[in-house]
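Notes follow once the structure below has been shown.
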Amino acid sequence: MLYIIQDLERYVTAPDNLPPQRMVTAELARRLGVGAQILPMSNQKIRTVIISGEERLPFQTYFVRRGCQPPVDDIHFSGIKQALPAPGVLQAILEANIVLLGPSNPFVSIGTILAVPGIREALKSTAGKVVAVSPIVNGKALKGPAARMLRGRGMEVSPASVCRLYEDFMDLFIADIQDEACRDSLEATGVPFSFCDTVMTAETDRVRMAAEVLKLCL
């Protein structure tokens, strides 16, 4: 099992002479007792900047200090054009049987990974099944500013809107059972979809949901 992560800065604070991101992720995995292989999306420094009117807000300023309140007009990934996928990332995607995009923010979590040159193309090319779980349930994001960001871009806060962001490489989209009323809008995307209980409030929920999603992938 492989995880590709984007937001290392949530978990570690380090000076500019930080070792390669892969070394950092490996050390974090060791300390946390995580046995699965974890790869950063890139070893280059990439910073998420929120454009709100005349303001350019570093993501942590927007997320923590400003509480996700400023309207989001645009999102800029500083350094993304010069970035390369970290060693092993493209190979892992191309050789995977299943590539699973978790129910994370499609703009500032998953979207940042997809913006790294070569990663979206690898998802289009892989022979593995590419599956995503919706972060939107019953018209809202259960965590974070995804719903606000969808509205800010003139998009409906629904699983179908998230699905359209991934439709060029997606093989299966999974929405929550509370969103079965969105069946028509999901069908309009042209992407195969299914429903399961994706809400996770306890460790047992996470285990159950993982098992259900893997069953749907097979």
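The values are calculated or read from the model by the stated rules, or taken from the named source; none is laboratory data. It should be emphasised that the depicted structure is a prediction, and the values quoted were computed from it without experimental measurement. Neighbour counts are summed over all protein chains in view; Cβ atoms, including those assigned to glycine, are modelled from backbone coordinates with ideal geometry. Just the protein is used for accessible areas: all its heavy atoms, side chains included, with ligands, DNA and RNA removed. Shrake-Rupley method; radii C 1.70, N 1.55, O 1.52, S 1.80 Å.
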Solvent-accessible area, 1.4 Å probe, carbon plus sulfur percent, for the chain: 52 percent
Asp73-Ala29 FRET efficiency (beta carbon distance; Förster radius 35 Å; 0.05 resolution): 0.45
Length released on extending from Glu167 to Ile51, taking residue separation times 0.36 nm less the Cα-Cα span: 39.2 nm
Two-site FRET efficiency, Arg65 against Glu121, from Cβ-Cβ distance with R₀ of 35 Å, rounded to 0.05: 0.45
Residue-wise HN-Hα coupling along segment 175-186, computed from phi with Karplus coefficients 6.51, -1.76, 1.60 (Hz; x: Gly, Pro): 10, 6, 4, 5, 10, 4, 5, 8, 4, 5, 5, 6
Average accessible area per residue (Å²) across segment 55-180 - probe 1.4 Å, nucleic acids and ligands excluded: 47 Å²
Under-5 Å amide H pairs with Gln44, H placed in peptide plane, nonlocal only: Leu84
Euclidean distance of C-alpha centroids, segment 126-165 and segment 77-122, integer Å: 17 Å
Pairwise FRET efficiency - Ile177 versus Lys215, Cβ, R0 = 22 Å, nearest 0.05: 0.90
Distance (nanometres) between label positions extended 7 Å along Cα→Cβ at Val199 and Leu94: 4.2 nm
Burial ranking of peptide ranges 177-184, 42-49 (average Cβ count within 10 Å, highest at the top): 42-49, 177-184
Amide proton proximity set for Leu39, modelled H, under 5 Å, gap of 5+: Tyr3, Ile4, Ile5
